[in-house]
Amino acid sequence: MQTILGASGQIARELARELKHSYGAELRLVSRNPHKVNDSDTLMSADLLDAPQTLEAVRGSRIVYFAAGLPPDAKLWEQNFPVMLQNALNACRSVGASFVYFDNTYMYPQDSRLQTEDTLFLPLGRKGHVRALMANMVLDEMRRGDIPVLIGRAPEFYGPGKTQSFTNALILDRLKSGKKPRVPLNADTLRTLIWTPDASRALALLGNSPDTYGQTWHLPCCDERLTYAQFVSLACGIFGKETSWTVLSKPAIYIAGLFSKGPRELRELLPRYENDNLFDSTKFKRQFPYFRVTTYREGLETIYSEGKDILVVKKDK
């Protein structure tokens, strides 16, 4: 049995597809309101803030993936995320399950230095400090050595379906709705983005490779780093739109944050949009040279085709 904690998000749903397709895994999907991804999935409703419920959710599991998410609310992260993670770690230790932690880069320095698995944590902002705390909790469990533990870390997402990211919200969702894309602060800094299905495929591969445990892994990204100007130009061409975008200034984002939570929660990440974002996944690619990373063109064409399919369905109705 392989179990996904926090099974409602895009990463978790792609992970469930991959685990069934490539590994034939018997799957348990756990969240407050879980839904099947594969016909054979077992569903369990559980609140990860509740330790006994979390223990029951992982009982009988061989591998447990922690992919739980929360709305981008700093107070909610501070109150809930560490408790959820500690309950999951305790439960896995109790049942002897391997633990795979899906992580992000909020705790990394928000400057132009190359980010590797050895990059020191220098978090900015409340959410960055929460993610640093959580990553250190997992590293402590790794050092404890009672159960196999690994970390799979991803930079900012872009992707199909209900992928939630600033790139999707500001660029791709706006293109889908016929609006001009928006770029935070600077269109000319290099970005590192990961295609969400690639992140999930890589996480499944790591979880099912015994020699990957006891380590942190950067999940594989496209070797071609684009600026937002290049990314938006490519997307506009694929979507058949005029190549044009609006750069959101720092004062504009701060003013928007007075009235909307989205821009307000973006504020602590602004330095990483002022600088090149250089996330390095060489370690993974050396370990798994056969793993094929989706190109930006392929990813954007998939998103465009998905939008066309939705329009066709609406017209048919």
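A simple count of charges around VAL149, restricted to other residues whose Cβ falls under 13 Å of its Cβ and scoring Lys, Arg +1 and Asp, Glu -1, yields -1. Derived scalar couplings between HN and Hα for the range 79-91 equal 7, 10, 4, x, 5, 4, 5, 5, 4, 5, 4, 4, 5 Hz in order, rounded to whole Hz, by the Karplus curve 6.51 cos²θ - 1.76 cosθ + 1.60 (θ = phi - 60°), x for Gly and Pro.
Look at where the Cα atoms of the range 162-211 and of the range 91-130 average out, and the two centres are 18 Å apart. Farthest toward the positive end of the dipole of the chain, out of HIS218, LEU300, LEU55, is the Cα of LEU300, where the dipole comes from beta carbon charges about the Cα centre. Averaging the sequence gap over all C-alpha pairs within less than 8 Å and six or more residues apart, then dividing by the number of residues, gives the range 142-258 a relative contact order of 34 percent. Dipole magnitude for the range 1-151: computed about the Cα centre from +1 point charges on Lys and Arg Cβ and -1 point charges on Asp and Glu Cβ, it is near 100 debye.
Pairwise alpha-carbon distances in the chain exceed 25 Å for 51% of all pairs. Just checking the listed ones, ASN87, ASN277, ASN38: in the Gaussian network model of the chain with Cα springs under 10 Å, the one fluctuating most is ASN38. Judged by the mean number of other Cβ atoms found within 10 Å, the most tightly packed of the peptides 40-48, 146-154 leads the ranking 146-154, 40-48. Peptides 222-231, 194-203, 15-24 ranked from most to least packed give 194-203, 15-24, 222-231, packing being the mean of other C-beta atoms within 10 angstrom over each peptide's residues. A cut-off of 5 Å between modelled amide H atoms, ignoring neighbours fewer than 5 places along the same chain, links LEU226 with ARG191. Computed about its Cα centre, the charge dipole of the range 59-138 is approximately 280 debye, with only Lys, Arg, Asp and Glu carrying charge at their Cβ.
Using the average count of surrounding beta-carbon atoms within 10 Å as a protection proxy, the listed peptides 168-174, 62-68, 112-118 rank, highest first, as 62-68, 168-174, 112-118. In this Cβ point-charge picture (+1 for Lys and Arg, -1 for Asp and Glu), the chain has a dipole of about 720 debye about its Cα centre.
Between ALA135, TRP77, SER165, the Cα set farthest toward the positive side of the dipole of the chain (charges on each charged residue's Cβ, about the Cα centre) is that of SER165. With the alpha-carbon atoms of the range 118-174 aligned to their principal axes, the span from lowest to highest coordinate is 46, 26, 18 Å, starting with the largest. Per-residue ellipticity at 222 nm computed for the chain from its helices equals -13000 deg cm²/dmol, with DSSP H segments shorter than 4 residues left out and the rest contributing -39,500 (n - 2.57). Between LEU278 and GLN115, the built amide H atoms are under 5 Å apart, and every one of these is 5 or more places off in sequence or on another chain. Helix 296-316 and the longest principal axis of the Cα set of the chain meet at an angle near 90°.
Residues whose amide H lies under 5 Å from that of TYR65, counting only those 5 or more places away or on a different chain, are THR3, ILE4, LEU5, VAL100; hydrogens are built 1.01 Å from N in the peptide plane. Using the Cβ of HIS218 as centre and a radius below 11 Å, the other residues enclosed give a net charge of -1, where K and R count +1 and D and E count -1.
Read-outs: derived from the displayed coordinates by stated rules, not from any lab. None of the values given here were measured: they were computed from a predicted structure. Glycine also receives a Cβ, built like all others from the backbone with ideal geometry; neighbour counts cover every protein chain displayed.
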